[in-house]
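Asks: Have a look at the structure that comes next, please.
The values are calculated or read from the model by the stated rules, or taken from the named source; none is laboratory data. Please read these numbers as outputs of a predicted model, since none were measured by experiment. As a convention, Cβ positions derive from the backbone with ideal geometry for all residues, glycine included, and neighbour counts pool all protein chains shown. To get the accessible areas, we keep the full protein, side chains included, count just its heavy atoms, and leave off ligands, DNA and RNA. Shrake-Rupley method; radii C 1.70, N 1.55, O 1.52, S 1.80 Å.
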Amino acid sequence: MANKSKILVTGGCGYIGSHTIVELLQSDYEVVSLDNGLNSSPDVLDGIEAITGVRVVNVDVDLSQTEAALEALRAHGPFTGIIHFAALKSVGDSVHQPLRYFQNNIGATLTTMALMEAMDIPYLIFSSSCTVYGRPEKLPVTEESPIRPAESPYGATKQTGEILYDQFFNTQPGRNGISLRYFNPAGAHPSALIGEASTNQATNLVPVITETAIGLRSELAVFGNDYPTRDGSCIRDYIHVTDLAKAHVLAMDHLVQHKNQKPYEVFNLGIGEGVTVLEAIAAFEKSTGENVNFTISARRPGDIDAIYANNKKITEQLGWKPTEDIQSIMRSAWAWEQVRRK
Ligand code: NAD
Ligand code: UD1
């Protein structure tokens with residue numbers, strides 16, 4: 001049997017990284033993870049093994065430390081590609097610790113380029129975010145929608161990553177990359193063996209809903225019901241984490257099979273439908289039969305009223321199609337919450 005292509009997954013013990021490793025292993029790839037446990041535990045490797053039968057090696061090193069990362073990875077190559085998830089991701093924390101976010105996230109991104117050069121790695125996928133669009137004027141947003149000034153230091157690290165990769169891939173013959181601009185990832189693997197398990201406190205809507213339903217929080221605060229939307233609460237594009245993970249495999253296949261039209265491309269990664277906060281709560285209650293105790297509270301500073309994706313480019317060019325909806329997101333998130341708290 002021909003050797004499988006080996007992919008380096010940075011942030012492989014994290015939420016999206018772990019789900020993507022499962023999808024890579026179930027396709028035609030081998031994986032090495034790199035994660036220093038900044039927001040995760042290596043226990044997730046047990047869940048990945050239970051699902052796939054493969055024990056993934058994790059290299060425990062800080063990716064923002066270029067020399068140390070190069071040294072630690074040398075024995076694990078050669079790699080066909082890098083999928084780069086490793087970053088700090090809390091918008092709120094980034095406002096209080098901008099330098100830490102810049103050093104960690106931009107530092108790690110620079111190291112991926114150093115690895116590509118030193119280890120001759122041709123392909124990379126970068127985790128970007130719809131936050132690069134800021135407060136969009138027109139919905140749904142396409143890849144051509146204007147990039148707005150970053151609204152937080154975290155957002156600035158995603159914009160910087162995109163700018164640097166654009167320059168890098170357009171000046172380095174033979175190296176190719178893709179940025180995927182995620183909308184709102186949520187849900188868990190259908191096995192309930194892996195899911196979101198941040199060591200930092202959850203602030204995103206879906207984990208807050210499940211933590212309220214299980215009794216870890218007394219109530220959920222709906223941040224505002226006076227937005228100009230159909231029920232007054234904010235609209236987002238929630239995408240199931242397994243659908244999101246599968247897009248990474250397709251994006252890597254696209255590069256490996258030389259189907260890319262340019263050395264560097266960006267794709268929106270959302271299901272293309274907007275769901276309000278109140279609709280999300282109702283979907284949880286309907287799909288699980290559980291109640292969520294919520295109150296309406298003040299708007300959260302920095303929130304935008306509505307954003308959702310035009311996903312035509314990724315469906316046409318990568319052949320990606322979402323298969324899960326908000327109900328399935330809620331069911332899987334709830335199953336994982338119950339397993340996790342046992
Ligand atoms: P996560 O925190 O669960 O995973 C990130 C992983 O990277 C963690 O396991 C952490 O320990 C590791 N890490 C961080 N800095 C590191 C470093 N310097 N060296 C080694 N390991 C390091 O986050 P996630 O939700 O899986 O997000 C993955 C990526 O997707 C991030 O880049 C994030 O910014 C981006 N993203 C996430 C969302 C979302 O809602 N989850 C939305 C848009 C973009
Ligand atoms: C947030 C980040 C965004 C990042 C994304 C993924 C902000 C301002 N934006 O997006 O940059 O890419 O996470 O990590 O932090 N909500 C409540 N009550 C809660 C929690 C959330 O009503 O307790 C509402 C929010 O007002 C929002 C929606 O639920 O309308 C989704 O919130 P959240 O899950 O935090 O994601 P975003 O704010 O869209």
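Asks: Under 9 Å from the Cβ of residue 240, count the other residues' Cβ atoms, weight Lys and Arg +1, Asp and Glu -1, and hand me the total.
Replies: Working: positive: none; negative: 243, 324, 325.
Charge balance in the 9 Å sphere: -3.
Asks: If each DSSP helix of 4+ residues adds -39,500 (n - 2.57) and the sum is divided by the residues in the chain, what number results at 222 nm, nearest 500 deg cm²/dmol? Intermediate results must be reported in sequence, preceding the final value.
Replies: Details: 12 runs with 128 residues, N = 342.
The helix contribution divided over the chain gives -11000 deg cm²/dmol.
Asks: Summing +1 for each Lys or Arg and -1 for each Asp or Glu, what net charge is found among the other residues whose Cβ lies under 15 Å from the Cβ of residue 249? Don't skip to the answer; put the middle values down first.
Replies: Numbers: positive: 4, 6, 246, 259, 321; negative: 23, 28, 30, 243, 253.
Once positives and negatives cancel, what remains is 0.
Asks: Considering only DSSP beta bridges where both residues belong to the chain, give the percentage that are antiparallel (nearest 5).
Replies: Numbers: 2 of 41 bridges.
Taking every DSSP beta bridge with both residues in the chain, the antiparallel ones total about 5 percent.
Asks: Per-residue counts of other Cβ atoms within 10 Å, averaged by peptide: what ranking do you get for 203-209, 321-327, highest first?
Replies: Numbers: 203-209: 20.7, 321-327: 16.4.
Ranking, from highest mean packing down: 203-209, 321-327.
Asks: List the pairs from 158/246; 286/342; 4/321; 158/342; 286/313 whose alpha-carbon separation is above 30 Å, in the order I gave them. Kindly include the intermediate steps, with their values, before the conclusion.
Replies: Working: 158/246 21 Å; 286/342 23 Å; 4/321 25 Å; 158/342 36 Å; 286/313 32 Å.
Pairs exceeding 30 Å: 158/342; 286/313.
Asks: If you split all Cα-Cα distances of the chain into 10 Å bins from zero, what percentages do you get per bin, shortest first?
Replies: Reading upward from the zero bin: 6, 26, 36, 24, 7, 1, 0.
Asks: Can you give me the solvent accessible area of residue 258 with a 1.4 Å probe, rounded to the nearest 10 Å²?
Replies: My reading of the accessible area for residue 258 is about 130 Å².
Asks: Round to the nearest 10 and report in Å² the accessible area of residue 275, as given by a 1.4 Å probe over the protein chains' heavy atoms.
Replies: Number for this one is 20 Å².
Asks: Moving on to the next point. At 1.567 mPa s and 4 °C, plugging the Kirkwood radius over alpha-carbon pairs of the stretch 121-274 into Stokes-Einstein gives what diffusion coefficient in µm²/s? Write out the running numbers ahead of the final one.
Replies: Working: Rh = 17.6 Å.
Estimated diffusion coefficient is 74 µm²/s.
Asks: Keeping every protein chain in place, order 125, 51 by accessible area at 1.4 Å, biggest value first, i.e. largest first. Could you put the intermediate results ahead of the total?
Replies: Working: 125 0, 51 35 Å².
So the residues, ranked largest to smallest area, are 51, 125.
Asks: For the stretch 232-342, what is the convex hull volume of its Cα atoms per residue in Å³?
Replies: Enclosed volume per residue, from the Cα hull, is 142 Å³.
Asks: Can I ask one more? Aspartates and glutamates within cross-link reach of residue 89: Cα-Cα under 12 Å, excluding same-chain residues under 8 positions apart?
Replies: Those aspartates and glutamates meeting the cut-off do not exist here.
Asks: Give the aspartates and glutamates reachable from residue 138 as a straight Cα distance under 19 Å; neighbours fewer than 8 places away on the same chain don't count.
Replies: The qualifying aspartates and glutamates are 151, 237, 273, 303, 305.
Asks: Please state the charge dipole magnitude for the stretch 26-184, taken about the Cα centre, from unit charges on C-beta atoms (+1 on K and R, -1 on D and E), reported in debye and rounded to the nearest 20.
Replies: On the way: 10 positive and 19 negative charges, 102 e Å.
Roughly 500 debye, rounded to the nearest 20.
Asks: Send over a whole-number figure in Å² for the accessible area per residue of the chain, probe 1.4 Å. Working shown, then result.
Replies: On the way: 14910 Å² over 342 residues.
Roughly 44 Å² per residue, with all protein chains present.
Asks: Taking the Cα centre of the stretch 1-91 as origin, sum charge times position over the Cβ atoms of Lys and Arg (+1) and Asp and Glu (-1), and report the length of that vector in debye to the nearest 20. Before the final figure, lay out each step's value.
Replies: Numbers: 5 positive and 11 negative charges, 41 e Å.
The calculation lands at about 200 debye.
Asks: What whole-number value in cubic angstrom gives the convex hull volume per residue for the C-alpha atoms of the stretch 158-236? Before the final figure, lay out each step's value.
Replies: Numbers: hull volume 15.1 nm³, N = 79.
Considering the Cα atoms of the stretch 158-236, their hull volume per residue is 192 Å³.
Asks: What does the charge add up to near residue 59, with Lys and Arg as +1, Asp and Glu as -1, over the other residues with Cβ less than 13 Å from its Cβ?
Replies: Numbers: positive: 6, 74; negative: 35, 60, 62, 71.
Around residue 59, the charge tally is -2.
Asks: How big is the gap, in Å, between the Cα center of the stretch 94-117 and the Cα center of the stretch 147-189?
Replies: Using only Cα atoms to place each centre, the spacing works out to 12 Å.
Asks: Further question on the same structure: Might you work out the accessible area of residue 216 for me, using a 1.4 Å probe with all protein chains in place, and round it to the nearest 10 Å²?
Replies: 100
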